[in-house]
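Data block below; observations after.
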Amino acid sequence: MNPSYLLVLLGVAMVSYSGPLVKVGLNFGANPASIAMMRMVLSALILLPIMCVRRKGQSEAPIQSLRRMTVKQWLWSVAASVCLALHYLTWITSLKGTSTFASVALVCTQPLFVAALSGLVLKERMPRAAVPGAAVAVVGALLIALNALLGGVSGDLSGALLALAGAIMMAGHWLCNRYARRTVEALPFMLLLYSQTAVLLALTLPFLGGFQMTWK
């Protein structure tokens, strides 16, 4: 099997586990900002040893590619980090008001919003082959939202709307990355984004309940 497909399968599995794991954290008393910040911190720490390994045998350290970023690229990277922070805050908060299934299903409509924003901002058309899948995703999202509106197992409507807001923020994050990461390698840019996002989330902690967890 192509290694790319294995990575896709791994990504799908991790996204599937993400919702339940976050729900456990919320049940133990952690607030959304704390969970999101720790997620970004741990992601950055995981990347550090990988960066060190990649540096061996290279004339230039991977992180040095950040020095070639222009002022506009730095601003776009900050915008991408803001969108990523808002994505986690809205999505994780949605898990308090809606079911894990509904929240994850709605937040995974990100590609639909990417396609919509790409069409509006970049004038890029959605490939015809992607239209049937997009239509099914839209119908599914509407059914979940309708179920929430009627008070079904999906939870309340506010939770569903927060999950959709998380999808929109992630779409904005992806589009901002397109402008920011033009001359930067993937790994150092990811480390930069995760670090910036962790700092932004840390700044919100005093206003969103602080860093706390109550064991039950």
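The values are calculated or read from the model by the stated rules, or taken from the named source; none is laboratory data. Fair warning: this is a prediction, and the values are worked out from it, not measured in the lab. Heads up, the Cβs are rebuilt from the backbone with ideal geometry, glycines too, and the neighbour counts pull from every protein chain shown. These area figures cover heavy atoms from the full protein model, side chains too; ligands, DNA and RNA do not enter into them. Shrake-Rupley method; radii C 1.70, N 1.55, O 1.52, S 1.80 Å.
One residue alone among L142, L193, L146 is in a helix (DSSP H, G or I), at pLDDT 80 or above and either over 20 Å from the mean Cα position of the chain (by Cα) or within 24 Å of G19 (Cβ to Cβ) (or both), and that residue is L193.
Here G209 meets each of (1) buried (at least 20 other Cβ atoms within 10 Å of the Cβ); (2) on the phi > 0 side of the Ramachandran plot with one exception, condition (1). Restricting attention to the range 1-48, the residues that are outside any helix (DSSP H, G or I) and either free of Cβ contacts under 8 Å to residues at least 40 places away in the same chain or charged (D, E, K, R) (or both) total 2. Here K72 does not fit the description of being open to solvent by 40 Å² or more (accessible area, probe 1.4 Å), touching a Gly at 6+ places or on another chain (Cβ under 8 Å) and modelled with pLDDT of 85 or more.
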